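To start, the structure itself, in structure tokens.
Each reported figure results from applying straightforward, stated rules to the coordinates on display, with no laboratory input. The structure displayed is predicted, hence computed values, not measured ones. Quick reminder, even Gly has a Cβ in these numbers, built from the backbone with ideal geometry, and neighbours come from all protein chains shown.
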Amino acid sequence: MIGSGIAALRRQILSGKMRALHAVFPPRCIACGEEVGSDFGLCRDCWEQITFASGVSCDGCGVPLPGNDDGQAVLCDECLAHPRPWARGRTVMMYSGIGRELVLGFKHSDRLDLARPFAAWMARAAQPLLTPETVIAPVPLHRWRLLRRRYNQSALLSQGIARICGQTYCVDLFERTRNTTSQKGRDRAARIANLADAIRVTPARAPQLLGRPVLIVDDVMTSGATLTAATGAAMQAGADRVDVITLARVAKAP
């Protein structure tokens, strides 16, 4: 009883501090900076301009699809034409408009404040993919690219998802064995070839996934080449199954 009373008192103090802070610095939309009702939120106009993957979605990549949800797994044309090696895939939003601007700010403009709302959105989308045994891990960056960028955005997202969902998290489950060149401008076949044998399970971490399901986290899915390479590495190392989740999905791969 005493412990619960202290906890309640702490919550009241924290709530009072937040009200005082908001009186001086009102919460702002993470996209446009307009005043909003809560921290890390979107204003109504920005929310309506983001295409969230709600309702019926592709079971392979998460892209929203027309029709009514009857509980059956459905695939988009791209996933039908190019079957995915993972079991199920989900995404939060389409990589366009304000959603694209937010993702680019997070990846390249040090908008690390976006990690918190992005992870919360992804945690909700990831719930159907999780079991108590699931290990959550990000796609890796090569050490030289990590040195230039200073952070792995997928690692920040996967850590946030794991914290919210109470799952096992392994930041270095995967590693890049070579520094691949940019995927920009490459077609699907070239993207896959560029990543061939470029990702493996870190040998010291292999026991953590043996016989367990894995959820691989990436920020943006275009062709799915990176997720394909990571999935292959996980299955080869003995994962029970692999699911994937991304923050954003490019509508059509080049």
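Placing a pseudo-label 7 Å from each Cα along the Cα-to-Cβ vector at LEU65 and ARG148 gives an inter-label distance of 3.8 nm. Here the alpha carbons of the range 124-178 define both size measures, Rg and Dmax, at 12.3, 36 Å. Projected onto their three principal axes, the Cα atoms of the range 43-98 cover extents of 37, 23, 16 Å, largest first. The H on the amide N of VAL36, modeled in the peptide plane, is under 5 Å from the matching H of ARG28, CYS29, each at least 5 residues off or on a different chain.
Largest first and in whole Å, what are the equivalent-ellipsoid semi-axes of the range 51-140 based on the Cα gyration tensor, each being the root of 5 times an eigenvalue?
Numbers: eigenvalues 113, 58, 35 Å².
Semi-axes from the Cα gyration tensor: 24, 17, 13 Å.
Considering all different alpha carbon pairs of the range 105-153, the Kirkwood hydrodynamic radius works out to 12.7 Å.
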